[in-house]
1. Condition first: closer than 27 Å to ALA6 by Cα and of a type in the set (Val, Ile, Thr). Can you find one or more residues in the stretch 93-107 that meet it?
2. Can you work out which of the residues in the stretch 20-56 that are outside any helix (DSSP H, G or I) and aliphatic (A, V, I, L, M) is nearest to PHE9 (Cα to Cα)?
3. Of all residues being closer than 16 Å to GLU53 by Cβ and among the aliphatic types (A, V, I, L, M) in the stretch 66-108, which is surrounded by the fewest Cβ atoms within 10 Å (Cβ to Cβ)? Just the residue, please.
4. Among the residues of the stretch 1-29 satisfying the criterion of being touching a Lys or Arg at 6+ places or on another chain (Cβ under 8 Å) and at pLDDT 95 or above, which is farthest from SER59 (Cα to Cα)?
5. Return the pairs, sorted by first residue and then second, in which the second residue is in a helix (DSSP H, G or I), the first residue lies in the stretch 33-53 and is of a type in the set (S, T, N, Q), the beta carbons are less than 9 Å apart, and the residues are 6+ apart or on different chains.
6. Mind listing whichever residues of the stretch 22-39 are hydrophobic (A, V, I, L, M, F, W, C) and either in contact with a helix residue (DSSP H, G or I) (Cβ under 7 Å, 6 or more places away or on another chain) or on the phi > 0 side of the Ramachandran plot (or both)?
Amino acid sequence: MEQDLAVTFAALGDPVRQAIVDRLAGGDATVNDLAAPFRISLQAVSKHIQVLEAAGVVSRRREGKTRPVHLEASSLARSAEWLEARRRVLESKYARLDELLETTKEPT
């Protein structure tokens, strides 16, 4: 699981790939659709999609003459669950620290 997370987070570490994921959150799209807002080549966008695909963040299927790119929510859900567990631990620690700080306050 940790290896999967590392690959997922590495894939999401690039702003172009983040924008592609944001776009795909609205529904499947072709590579041409995904490339439209960027000032990079179609080949560069394809490479970004390949990185996301290798990480399991997106998938492609054949649909007639096109191969729409699909966001794999389950991959992002695993990452979100991992982050949420760490957030809860940190929140708990901060709450204990807040309690400790309250006990050390001087009365006003």
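The values are calculated or read from the model by the stated rules, or taken from the named source; none is laboratory data. Just so we're clear, the structure is a prediction, and the values are computed from it rather than from any experiment. Ideal geometry is used to build each Cβ from the backbone, glycine not excepted, and the neighbour counts take in all protein chains shown.
1. At the first step, the residues of the stretch 93-107 found to be closer than 27 Å to ALA6 by Cα are 93-94.
Still in the list and also of a type in the set (Val, Ile, Thr): none.
Scanning the stretch 93-107, I find no residue that is closer than 27 Å to ALA6 by Cα and of a type in the set (Val, Ile, Thr), so the answer is no.
2. ALA55
3. ALA73
4. The residue in question is ALA11.
5. SER41/ALA35; SER46/VAL31; SER46/ALA35
6. The answer is ALA29, VAL31, LEU34, ALA35, PHE38.
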